[in-house]
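K.L.:
This is the structure, below, for whatever I ask next.
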Ligand SMILES: Cc1ncc(COP(=O)(O)O)c(C=O)c1O
């Protein structure tokens, strides 16, 4: 039975108490927030945790405040370990997903001619980082082709490239920023494990939207932010580092006094845990806010979230697809809660401004964000709408109604 007093799902019944969850989310009163792929709305406990910590810092001093909250800080690692099926020692805090990603890349001793095997839908900043490695270290960047049926990367073709090139790194973005595509990261991971290839997964848009199990994915490294579907604060992210990678001695290029011990004037030794990928200075209010957000997600339950969130997006996609002048762009058999579409007769900024004027939060994506994907789709820009479990069916219908009205006005 659903507990009426709780905002959270019981394990036996995948239902969420929407009224309670929305009452817990101050932003729901002001906006129709369909920009969770940009940044989710924080829940009250997350906000309160951060405010309390800043108040404590002001009252007793920053170092003293973090010492007083050491147990809660430790829960950042414990909660994420629980979320991902890892150990606390596999988790490093980072200022963003990109920060985590570049730290991870910096740990790999790339040599000229080494291959990075990736996909045509990997995140823009990851692609730029690969090109920067090509410029500085002469690595080769190989993009696996997409499957002709539109289901994402062609895994067989990717495996053939793994065998042909023996890449130094296989890098896959689980859910890209530019569409609702879900890439088969676990299937790719099985092949990486078989062939003993280093595997880095960008789970920025999937963490908090789906249950994620790093063992099932078979990744060595995984990165994400806490601010999107996990509903944590801005300026936060994390890196998962597998035991295999820790034991093999991977360490970031620049390691500091938190990540290593200076054992003698000419020597340092990296710490044993993923903390070797962190730096000494931390935004503790943010770290505590992240821990609160992860605990909140675990209490809501990732299974009910994974049922409801993409289903809300599916309802929206279906309604948008029926509007004359609108073309929905998401591919794949079971798209995530990132709904992207092109609309005739509008330029990007005025269209988003018209949505803003209706208090509907959305995001624009441009061709630059997705050079391969948007070229294939022959678009220069699209609007992205990304609901989350706390949004309602009524909001979905209202958003589709607003797009329909704007599409009519342009005809
Ligand atoms: C798939 C994906 N990866 C990485 C990032 C980068 O995250 P951050 O802005 O925290 O660096 C984003 C942000 O939108 C993303 O969508």
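K.L.:
Extension gain residue 334-residue 315, at 0.36 nm per residue separation less the Cα-Cα distance, in nm?
P.N.:
Residue separation times 0.36 nm, minus the Cα-Cα distance, leaves 5.6 nm.
K.L.:
Using only helices, what value at 222 nm comes out for the chain when you add -39,500 (n - 2.57) per DSSP H run of length 4 or more and divide by the total residues, to the nearest 500 deg cm²/dmol? List each step's numbers first, then the result.
P.N.:
Values: 15 runs with 171 residues, N = 411.
-12500 deg cm²/dmol, from helical runs alone.
K.L.:
What's the exposure ranking of 251, 349, going from fewest to most Cβ atoms within 10 Å?
P.N.:
Details: 251 20, 349 10.
Lowest count first: 349, 251.
K.L.:
Then there is this: Where does each of 286, 49, 223, 263 land when they are ranked from fewest to most other beta-carbon atoms within 10 angstrom? Spell out each step's value before the answer.
P.N.:
Details: 286 21, 49 24, 223 30, 263 9.
So the ranking, lowest neighbour count to highest, is 263, 286, 49, 223.
K.L.:
Shape of the range 39-193 from its Cα gyration tensor (a ≥ b ≥ c, root eigenvalues): rounded if a/c is under 1.5, otherwise prolate when a/b > b/c, or oblate?
P.N.:
Values: a/c = 2.55, a/b = 2.01, b/c = 1.27.
In terms of gyration-tensor shape, prolate.
K.L.:
Just to verify a number: FRET efficiency for residue 54 and residue 87, C-beta to C-beta distance, R0 = 22 Å, to 0.05?
P.N.:
Working: r = 30 Å, r/R0 = 1.36.
Here the calculated transfer efficiency is 0.15.
K.L.:
Taking R0 as 41 Å, what's the FRET efficiency between residue 31 and residue 243 from their Cβ-Cβ distance, rounded to 0.05? Don't skip to the end; give the middle numbers.
P.N.:
Values: r = 43 Å, r/R0 = 1.04.
E between residue 31 and residue 243, to the nearest 0.05, is 0.45.
K.L.:
Quick one: grab the alpha carbon gyration tensor of the chain, order the square roots of its eigenvalues as a ≥ b ≥ c, and give me rounded if a/c is under 1.5, else prolate or oblate depending on whether a/b is larger than b/c. If you can, show how the numbers build up before the last one.
P.N.:
On the way: a/c = 1.81, a/b = 1.16, b/c = 1.56.
Here the chain falls in the oblate category.
K.L.:
Once a ≥ b ≥ c are taken as the square roots of the eigenvalues of the Cα gyration tensor of the range 339-411, is the result rounded (a/c under 1.5), prolate (a/b larger than b/c) or oblate (a/b not larger than b/c)? Display every interim value, and only then the final one.
P.N.:
Values: a/c = 2.09, a/b = 1.37, b/c = 1.52.
Since a/c reaches 1.5 but b/c is at least a/b, the shape of the range 339-411 is classed as oblate.
K.L.:
In what sequence do 257, 42 fall when counting other Cβ within 10 Å, fewest first?
P.N.:
Numbers: 257 10, 42 24.
In order of increasing Cβ crowding within 10 Å: 257, 42.
K.L.:
Stretched out fully, how many nm does the piece from residue 348 to residue 137 gain, at 0.36 nm a residue minus the Cα gap? Kindly include the intermediate steps, with their values, before the conclusion.
P.N.:
On the way: separation 211, 0.36 × 211 = 75.96 nm, distance 3.74 nm.
Roughly 72.2 nm would be gained on extension.
K.L.:
Kindly work out what percent of the DSSP beta bridges joining two residues of the chain are antiparallel, to the nearest 5. Walk me through the numbers on the way to the answer.
P.N.:
Details: 24 of 42 bridges.
Percent antiparallel among DSSP bridges in the chain is about 55.
K.L.:
I want to check the label-to-label distance for residue 44 and residue 19. Put each point 7 Å from Cα in the C-beta direction and report it in nm to one decimal.
P.N.:
It works out to 1.5 nm between the two label points.
K.L.:
Which distance in nm do the two modelled labels at residue 262 and residue 70 give, with both placed 7 Å along the Cα-to-Cβ direction?
P.N.:
2.3 nm
K.L.:
Applying 1/(1 + (r/R0)^6) with R0 = 51 Å to the Cβ-Cβ distance of residue 356 and residue 195, what FRET efficiency is obtained, to the nearest 0.05?
P.N.:
On the way: r = 48 Å, r/R0 = 0.94.
Calculated transfer efficiency: 0.60.
Computed from the coordinates by the stated procedures, all read-outs in this text should not be read as laboratory data. Every value quoted in this text rests on a predicted model; they were computed, and no experiment measured them. We place every Cβ from the backbone using ideal geometry, glycine too, and count neighbours over all the protein chains shown.
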